[in-house]
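Visitor: Just passing along the structure, written as structure tokens.
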């Protein structure tokens, strides 16, 4: 019997060893032998907590804390319309953050936002605080504006027959007679504008030094500007055009075959534009053109801000947003469909909010970004 017990113990030891288990210091000796003395490490050892490496870097791999569950995207303040989309305290109803009204007008045609909100409405350009408190209207000569932009101290208004500026501190400003303005953008010293009949021009802020950048355009519309170049869409030619600000070459089409062009935006590395059904992107020479968003219906008034693109989907009237890398758009607001011909400047973004105008509803609203 003694020999049988010893054989059994030996087999057990071999089995434990084969399984990779450490039997030193874990109990009485096998086969009646002396009990091993625990080492100091064995005596004081504790199992590491799950997810916490031991001091030597071993133990379990770190386990990330569980991801919090997404709230109800139809009603959640912090997950409105999509997980992680916060309404900034405005509340969420039906998957849309509750908008903050800025103005109720007849037919807002264009907006520009700086320290105040300026809205081109038939017969007048109206001024509101960022929170929607109405201020003094701009001079009557600014009526029928269809394009707006801001410089450091002036509001610039393009109408059917003039390009005009008005001091933000008050005053009548000055104007220059020109054909119908489609869009206008400003650098620190220059104004750039597209107009009928098929021209892109520049002028200084005082409107005393107009010159033509390009006459070889059949239908220039939305403009975008960086430190070195002016970009625009030519709707009839179906092209994206680039012109250097400092000379060194004339305007050149850098992207071709784009149907339904309307507005264009830029950041440090890329161009973004709207077609009849898509939001697209390329580098600043037109290379690597790719589609970011599909299945839109007349996207209009594209703007870029901090890694996101904002626009209004014309047929549905939805204000939408998507990352500059592409992806499924997030619907931010729902309004009536846009009219057939609208400004490239119906959406504006500040450090904290997105503002937009709905010509069909007569509303100007804002939401936290």
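The values are calculated or read from the model by the stated rules, or taken from the named source; none is laboratory data. The model shown is predicted, which means the values in this text are computed figures rather than measured ones. We place every Cβ from the backbone using ideal geometry, glycine too, and count neighbours over all the protein chains shown.
Visitor: Residue 333 - would you say it is under 15 Å from residue 110 (Cα atoms) and surrounded by fewer than 23 Cβ atoms within 10 Å (Cβ to Cβ)?
Guide: So residue 333 fails the test.
Visitor: Is it true that residue 202 is over 21 Å from residue 112 (Cβ atoms) and at pLDDT 90 or above?
Guide: Answer is no for this residue.
Visitor: Can you spot a residue in the range 229-237 that is surrounded by fewer than 17 Cβ atoms within 10 Å (Cβ to Cβ), in contact with a strand residue (DSSP E or B) (Cβ under 8 Å, 6 or more places away or on another chain) and outside any strand (DSSP E or B)?
Guide: No, because not a single residue in the range 229-237 is surrounded by fewer than 17 Cβ atoms within 10 Å (Cβ to Cβ), in contact with a strand residue (DSSP E or B) (Cβ under 8 Å, 6 or more places away or on another chain) and outside any strand (DSSP E or B).
Visitor: Going residue by residue through the range 252-259, is there one that turns out to be closer than 25 Å to residue 312 by Cβ, part of a strand (DSSP E or B) and assigned by TED's automatic domain parsing to the domain that holds residue 325?
Guide: yes
Visitor: Still on this structure, please answer the following. Look at residue 171 and say whether it is assigned by TED's automatic domain parsing to the domain that holds residue 265, surrounded by fewer than 23 Cβ atoms within 10 Å (Cβ to Cβ) and under 23 Å from residue 363 (Cα atoms).
Guide: Criteria not met by residue 171.
Visitor: May I pose another question? Can you find a residue that is farther than 30 Å from residue 287 by Cα, surrounded by 18 or more Cβ atoms within 10 Å (Cβ to Cβ) and at pLDDT below 90 anywhere in the range 176-195?
Guide: Yes: the range 176-195 contains one or more residues that are farther than 30 Å from residue 287 by Cα, surrounded by 18 or more Cβ atoms within 10 Å (Cβ to Cβ) and at pLDDT below 90.
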